[in-house]
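Undergrad: Got a structure here, written out as structure tokens. Questions coming.
Where a number appears in this text, it was derived from the coordinates with a stated rule and is not lab data. Quick caveat: nothing in here was measured; it's all calculated off a predicted structure. Neighbour counts run over all protein chains shown; Cβ positions are idealised from the backbone, glycine included.
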Number of protein chains: 2
Amino acid sequence: MKTEFEIIEKFFNKKAIKAHKGIGDDAALIEKDGKTFWAISTDMLNEKVHFMPNTDPYKLGWKAMAVNVSDLLAMGASPMFALLSIALPKSNSDWLKKFSKGFFECGKKYNVELIGGDTTKGPLTINVTILGDVNKKNILLRSNAKIGDDIWVTGELGLAALGLKIIQKKINAPSTITKKSINALEKPKPNMLIIEKIKPFCNAAIDVSDGFISDLNHILIASKVGAHIFLKDVPMNKWIRKTEKEDLALYGGDDYQTILTAPKKMRSKIEKLLQKNNLELSRVGIITKDKKLHLSNNDKTIKLKKGYIHFEKN
Amino acid sequence: MKTEFEIIEKFFNKKAIKAHKGIGDDAALIEKDGKTFWAISTDMLNEKVHFMPNTDPYKLGWKAMAVNVSDLLAMGASPMFALLSIALPKSNSDWLKKFSKGFFECGKKYNVELIGGDTTKGPLTINVTILGDVNKKNILLRSNAKIGDDIWVTGELGLAALGLKIIQKKINAPSTITKKSINALEKPKPNMLIIEKIKPFCNAAIDVSDGFISDLNHILIASKVGAHIFLKDVPMNKWIRKTEKEDLALYGGDDYQTILTAPKKMRSKIEKLLQKNNLELSRVGIITKDKKLHLSNNDKTIKLKKGYIHFEKN
């Protein structure tokens, strides 16, 4: 199958004229008022593709909301409204009750109201459209990373990918790690507070859905820059590092953490905010002029996996 | 299966606080600026439910856009932006090329730009979210029909339902009618021009997707009023009337025409506009205080089909 990127590029990527920002970022931007945009994004989740047939409906409801929240945060927007379309093979009150509980609980955590939707019959499919407002000064575009910017990442990476491997019985991990990583996979919690605090000092952002290296690449391509990443600074669980499973943090998807770039001169301001608010944010590298993605560990260059070399399609 | 209405009512209909209008109309309304709202609606189309497996992708693309345009027009809004999510079992360039052609051609007709979306693998599913702006003075809510209002309908009713019956080989019709009705089913064309012209004089509106009687009922319930409809004034193709298939016009779905209500004192203004612009709009009845839907033909009351009696769920 063609990649999503190729399909969009070939058939659907027409330049938006009336919108401030159309296809090509975590969300589109349309006018609200003189100072503000509405940011809008949509995500479809399909059984057997994005989730297993017997996924706990509560967690599925949570995740359907959370992945959309993550998209808006990565634009610098504050999530506000959602529309939910849901196709179900047959009416199932118990399933719907649990699904809606997860969906609304996650919505409550991120201040999102359901304002519309559609319910229909069909193979289990969930589509969420989310809207939030963003001050025009705070927009975080993929294309706005600047040479010399620090690269920051929220939370820890690789946990969701570890959770999936554990469920698939491809990895065995201690019980505490097992629990934590499956929870990261099934109930992602985008770090809204951190982004709210630091977005005024940042230039660019993207959420980590495909994997850290892959998503960072989207910023580099859109901004026509490169990056140098220091593996020792990439935030990951100690057990992942100790057992040399760093690839989970670099290439694993579904983290719904956020990569942000900010000018070096903002570093001390950001660090003060982190200390004051006890926020989990790591500085993992810098944006470079050289249009390559360079990964190193204690001065030793680490070869990137095939398909993750800058300017190749991934 | 529970009806869509019951599912929404039971699990998803929480009162919107931050939105001007949440669930329960053709679209939700959120703030744009002091004078204007954004109207937003979403619709999911599933194979075997909303369209047959071998539907021409061009027409499917057209219809996916058109049914959403119809929702916005029925709010008094001017369509502007769309987001498209599409799940495909496998990559199919030919199919996507034709689908996107239909989608964009319809978008062009109604001035709608694609600004975002999602493409994924899964059973063929299409979800469109549409946005348009509406002057706060021009909002057409289902709940705003007033006693004494004239009831108006755009275009002709029943053609799409006739088209479906012909395709299903349940009805035989002359070739011109066959062609016209299948076209009405597969390539609906909401009457934007009429609505643009007359919306400043109207109180309430809804689009005809489930069927004229069923959708009119939604207005009556939301507005806590009744209606008297004169069958002879309900616009339908001569052949449908001649062959006594009026039920197609009353109960058939998929017309994507619009029902509007307007104060009686606006009648002459509306009629002048119709003559001047050669618009297809019919006055079919009046809104009554008595909370019943009354249908008559030359002073003879016509019994409504079961399930279409006011205040019963349909």
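Undergrad: Please list the non-local residues whose amide H lies under 5 Å from the amide H of B:LEU293, H modeled 1.01 Å from N, same-chain partners needing a gap of 5 or more.
TA: Amide H neighbours of B:LEU293: B:ALA227, B:HIS310.
Undergrad: Let me ask something additional. Which aspartates and glutamates have a Cα lying under 15 Å from the Cα of B:LYS187, excluding residues fewer than 8 positions away in the same chain?
TA: List returned: B:ASP56, B:GLU105, B:GLU156, B:ASP254, B:ASP255.
Undergrad: Continuing with the same structure: From the phi angles alone, apply the Karplus equation (6.51, -1.76, 1.60; θ = phi - 60°) to the stretch A:153-165 and give each ³J(HN,Hα) in whole Hz, x where the residue is Gly or Pro.
TA: Result, rounded to whole Hz: 9, 7, x, 10, 9, x, 5, 4, 5, 5, x, 5, 4.
Undergrad: Please state the charge dipole magnitude for the stretch A:75-155, taken about the Cα centre, from unit charges on C-beta atoms (+1 on K and R, -1 on D and E), reported in debye and rounded to the nearest 20.
TA: 140 debye
Undergrad: Further question: Give me the percent of DSSP beta bridges within the protein assembly as shown that run antiparallel, rounded to the nearest 5.
TA: Working: 92 of 120 bridges.
Here the antiparallel bridges make up roughly 75 percent for the protein assembly as shown.
Undergrad: Right, here's the next one. For a Förster distance of 51 Å, can you work out the FRET efficiency between the beta-carbons of B:ARG267 and A:LYS15, rounded to the nearest 0.05? Walk me through the intermediate numbers first.
TA: Values: r = 45 Å, r/R0 = 0.87.
Calculated transfer efficiency: 0.70.
Undergrad: Output ³J(HN,Hα) for the stretch A:132-142: one whole-Hz value per residue in order, computed from phi by the Karplus curve 6.51 cos²θ - 1.76 cosθ + 1.60 with θ = phi - 60°, and x for Gly and Pro.
TA: Going residue by residue, I get x, 9, 9, 4, 4, 6, 9, 4, 10, 8, 4 Hz, with x marking Gly and Pro.
Undergrad: Still on this structure, I have one more. Need the list of aspartates and glutamates near A:LYS292 for cross-linking: C-alpha distance under 18 angstrom, and skip anything on the same chain fewer than eight residues off.
TA: Straight-line reach from A:LYS292, under 18 Å: A:ASP149, A:ASP150, A:ASP215, A:GLU312.
Undergrad: Related question: If amide H atoms are built 1.01 Å from N in the plane of the peptide, which residues on other chains or at least 5 residues away come under 5 Å of the amide H of A:LYS32?
TA: Long-range HN contacts for A:LYS32: A:PHE37, A:TRP38.
Undergrad: Given H placed on each backbone N at 1.01 Å, which residues far from B:GLY122 in sequence or on other chains put an amide H within less than 5 Å of it?
TA: B:LEU88
Undergrad: Do any of A:LYS232/A:LYS269; A:LYS59/A:LYS179; A:LYS90/B:LYS63 go past 21 Å between their Cα atoms, and which? Intermediate values should be presented prior to the final figure.
TA: Values: A:LYS232/A:LYS269 23 Å; A:LYS59/A:LYS179 14 Å; A:LYS90/B:LYS63 25 Å.
Those over the limit are A:LYS232/A:LYS269; A:LYS90/B:LYS63.
Undergrad: Among the trypsin sites (Lys or Arg not before Pro) within the stretch B:206-288, which fall in a DSSP loop and have no more than 14 other Cβ atoms within 10 Å of their own Cβ?
TA: Working: sites: B:LYS224, B:LYS232, B:LYS238, B:ARG241, B:LYS242, B:LYS245, B:LYS264, B:LYS265, B:ARG267, B:LYS269, B:LYS272, B:LYS276, B:ARG283; in loops: B:LYS224, B:LYS245.
In loop regions of the stretch B:206-288 (DSSP not H, G, I, E or B), the sparsely surrounded trypsin sites (Lys or Arg not before Pro) are B:LYS224.
Undergrad: Return the distance in nm (one decimal) between the two label points of a simple spin-label model at A:LYS276 and A:ASN135, each offset 7 Å from Cα along Cα→Cβ.
TA: Using points 7 Å along Cα→Cβ, the separation is 1.4 nm.
Undergrad: Applying the Karplus parametrisation 6.51 cos²θ - 1.76 cosθ + 1.60 with θ = phi - 60° to the phi angles of the stretch B:186-202, what ³J(HN,Hα) value in whole Hz is obtained for each residue in order, glycine and proline being reported as x?
TA: These are the phi-based 3J(HN,Hα) values: 8, 9, x, 10, x, 8, 4, 4, 4, 5, 4, 5, 9, 4, x, 9, 9 Hz.
Undergrad: Would you mind telling me which residue in B:ALA249, B:ALA19, B:ALA74 has the biggest mean-square fluctuation in a Gaussian network model of chain B, where springs connect alpha carbons within a distance under 10 angstrom?
TA: B:ALA19
Undergrad: Starting from the Cα of B:LYS137, draw a straight line to each of the aspartates and glutamates and keep only those under 15 Å, dropping any in the same chain fewer than 8 residues away.
TA: B:GLU31, B:ASP33, B:GLU196
Undergrad: Separate question: With each pseudo-label sitting 7 Å past Cα toward Cβ, what's the B:LYS97-B:THR55 distance in nm, one decimal?
TA: About 2.2 nm, to one decimal.
Undergrad: Say we join alpha carbon atoms closer than 10 Å with springs in a Gaussian network model of chain B; which of B:ILE167, B:ILE229, B:ILE177 then has the biggest fluctuation?
TA: With Cα springs under 10 Å in chain B, the top fluctuation among B:ILE167, B:ILE229, B:ILE177 is at B:ILE167.
Undergrad: Calculated from DSSP H runs of 4 or more alone, at -39500 (n - 2.57) each and per residue, what is the 222 nm mean residue ellipticity of chain A, nearest 500?
TA: Value at 222 nm, helices only, nearest 500: -9500 deg cm²/dmol.
Undergrad: Charges on Cβ only, +1 for Lys and Arg, -1 for Asp and Glu, centred on the Cα centroid of the stretch B:130-233; of B:PRO200, B:ASN217, B:ILE171, which one is farthest towards the dipole's positive end?
TA: B:ILE171
Undergrad: I'd like the mean, over residues of A:97-110, of how many other protein chain beta carbons sit within 10 Å of each residue's own Cβ.
TA: Counting Cβ atoms of other protein chains within 10 Å of each residue's Cβ and averaging gives 1.
Undergrad: Run the paramagnetic zone check for B:THR176: 7 angstrom along Cα to Cβ, then residues of the stretch B:222-258 with backbone nitrogen under 11 Å.
TA: Taking a point 7 Å out along Cα→Cβ of B:THR176, the residues of the stretch B:222-258 whose backbone N falls under 11 Å are B:238-239.
Undergrad: With springs only between Cα atoms under 10 Å, which of A:GLU47, A:GLU246, A:GLU196 fluctuates most in a Gaussian network model of chain A?
TA: A:GLU47
Undergrad: To the nearest 20 Debye, how big is the dipole of the protein assembly as shown about its Cα centre, given +1 on the beta carbon of each Lys and Arg and -1 on that of each Asp and Glu?
TA: Values: 104 positive and 70 negative charges, 65 e Å.
Once rounded to the nearest 20, the dipole reads 320 debye.
Undergrad: Still on this structure, please answer the following. Place a +1 charge on the Cβ of each Lys and Arg in the stretch A:4-137 and a -1 charge on the Cβ of each Asp and Glu, then give the dipole magnitude about the Cα centre in debye, rounded to the nearest 20.
TA: That gives the stretch A:4-137 a dipole magnitude of about 180 debye.
Undergrad: Also, I was wondering about something else. Restricting to chain B, what percent of DSSP beta bridges are antiparallel, rounded to 5?
TA: Details: 46 of 60 bridges.
Just about 75 percent of them are antiparallel.
Undergrad: Compute the Cα gyration tensor for the stretch B:205-302, then decide on rounded, prolate or oblate, letting a ≥ b ≥ c be the square roots of its eigenvalues: rounded whenever a/c is under 1.5, prolate when a/b is larger than b/c in the other cases, and oblate in all that remain.
TA: Working: a/c = 1.37, a/b = 1.05, b/c = 1.31.
In terms of gyration-tensor shape, rounded.
Undergrad: So, one more: Beyond a 25 Å Cα-Cα separation, which of these cross-linked pairs lie in this structure: B:LYS238/B:LYS305; B:LYS199/B:LYS276; B:LYS18/B:LYS136; A:LYS32/A:LYS264? Write down the numbers at each step before the final one.
TA: Details: B:LYS238/B:LYS305 22 Å; B:LYS199/B:LYS276 16 Å; B:LYS18/B:LYS136 16 Å; A:LYS32/A:LYS264 32 Å.
Pairs exceeding 25 Å: A:LYS32/A:LYS264.
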